[in-house]
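Have a look at the structure below, then the notes.
No value in this document is a laboratory result; all are computed from the given coordinates. Please read all numbers here as calculations on a predicted model, not as lab measurements. Cβ placement follows ideal geometry from the backbone for every residue including glycine, while neighbour counts extend to all protein chains displayed.
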Amino acid sequence: MNLLDVSNLHASVETDDGPQPILKGLNLTVKAGEVHAIMGPNGSGKSTLANILSGRPGYTVDGGEVMLGDNNLLNLEPFERAQMGIFLAFQYPLEIPGVSNMEFLKASIDSLARARGEEQPNTANFMRTVRELAGSLDLDPAFLKRGVNEGFSGGEKKRNEILQMAILEPEMAILDETDSGLDIDALRVVARGVREVREDRPEMGALVITHYQRLLDELQPDKVHIIVDGTIIESGGM
């Protein structure tokens with residue numbers, strides 16, 4: 001079953017000199033349970049693809065279609081895409097002072113439950129689960145009381161993104177250079193977290209954007225795509 005279908009996607013960003021095309025007819029299909037890696041030089045459109053899939057403002061879709069199952073993502077707001085199961089782990093995770101990690105996660109999971117007509121999780125059980133997952137990712141549970149990513153190191157921020165993914169249980173996870181700036185030990189912790197989430201949710205698809213072979217070695221993607229000048233020019237296995 002095709003989980004994500006990107007067909008002939010064209011997109012641009014506004015500059016002082018007018019619209020600048022970035023994606024130029026990109027095609028991509030990810031089946032349920034597959035991990036796909038996107039590689040390519042800086043400025044080739046990798047992060048633009050991630051941002052457009054998640055609905056980040058500032059980009060104009062000039063043509064094409066993006067389907068998550070039977071839903072056209074391009075017609076949906078970012079929060080609606082999240083409710084449909086899209087998750088984006090940021091290349092540069094933001095800090096949110098004044099909102100603790102635990103509050104952020106509980107509000108997020110409650111919002112998803114309301115949107116899907118499900119029962120909101122018991123607070124005590126939820127907090128216990130989050131603490132256990134944080135420990136498995138080498139995150140000090142005390143960090144859950146601090147503002148989202150506030151004062152975190154680069155590696156802690158990236159592990160916090162994987163914690164969010166584990167809690168939110170997306171249909172399609174997009175990891176935008178999650179390995180950027182990580183030493184090999186932190187990279188292995190992040191990769192292990194991704195693998196464990198996939199073990200719990202084998203139907204989850206993942207799109208991993210990276211520059212480095214080492215993340216491919218850790219995650220063993222089903223397919224690797226090379227993007228150059230806004231389009232995929234080559235696809236294959238490891």
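Given axes a ≥ b ≥ c from the Cα gyration tensor, I'd like to know whether segment 1-123 is rounded (a/c under 1.5), prolate (a/b larger than b/c) or oblate. Judged from the Cα gyration tensor, segment 1-123 comes out prolate (a/c at least 1.5, a/b above b/c).
Loop-located chymotrypsin sites (Phe, Trp or Tyr not before Pro) in segment 121-209 (DSSP state other than H, G, I, E, B) with a sparse environment of at most 11 neighbouring Cβ atoms within 10 Å are absent. Taking every DSSP beta bridge that has both ends in the chain, the antiparallel portion is near 60%. Using C-alpha pairs under 8 Å with a sequence gap of at least 6, the mean separation divided by the residue count of segment 154-238 gives a relative contact order of 29 percent. Dividing the helix sum by the residues of the chain, where each DSSP H run of 4 or more adds -39500 (n - 2.57), gives a mean residue ellipticity at 222 nm of -11000 deg cm²/dmol.
Place a point 7 Å from the Cα of Y92 along the Cα-to-Cβ direction; which residues of segment 174-214 have their backbone N under 15 Å from it? Residues 176-178, 180-181 qualify, since their backbone N sits under 15 Å from the label point.
Using θ = phi - 60° in the Karplus curve 6.51 cos²θ - 1.76 cosθ + 1.60, the 3J(HN,Hα) couplings for segment 140-145 round to 4, x, 4, 5, 5, 8 Hz; x is entered for Gly and Pro. Applied to segment 148-156, the Karplus parametrisation 6.51 cos²θ - 1.76 cosθ + 1.60 on θ = phi - 60° returns per-residue 3J(HN,Hα) values of 3, 6, 6, x, 6, 6, x, x, 5 Hz, with x for Gly and Pro. In order along segment 17-28, the Karplus-derived 3J(HN,Hα) couplings, from 6.51 cos²θ - 1.76 cosθ + 1.60 at θ = phi - 60°, round to 9, x, x, 10, x, 10, 9, 10, x, 7, 10, 7 Hz, and Gly and Pro are given as x. Pairs K46/K145; K157/K223; K145/K223; K31/K158; K24/K145: which exceed 32 Å Cα-Cα? Flagged as over cut-off: K46/K145; K145/K223; K24/K145. Near the amide H of V228, within less than 5 Å, lie the amide hydrogens of I233, all on another chain or at least 5 residues away, with H placed in the peptide plane. A Cβ-based charge dipole, computed about the Cα centre of segment 123-201 with Lys and Arg at +1 and Asp and Glu at -1, lands at about 260 debye. Amide H contacts under 5 Å for E34: A206, restricted to partners 5 or more places along the chain or on a different chain, H placed in the peptide plane at 1.01 Å from N. Between D183 and D229, the modelled label-to-label distance comes to 4.1 nm, taking each label 7 Å out from Cα in the direction of the beta carbon.
The H on the amide N of I22, modeled in the peptide plane, is under 5 Å from the matching H of A11, S12, V13, each at least 5 residues off or on a different chain.
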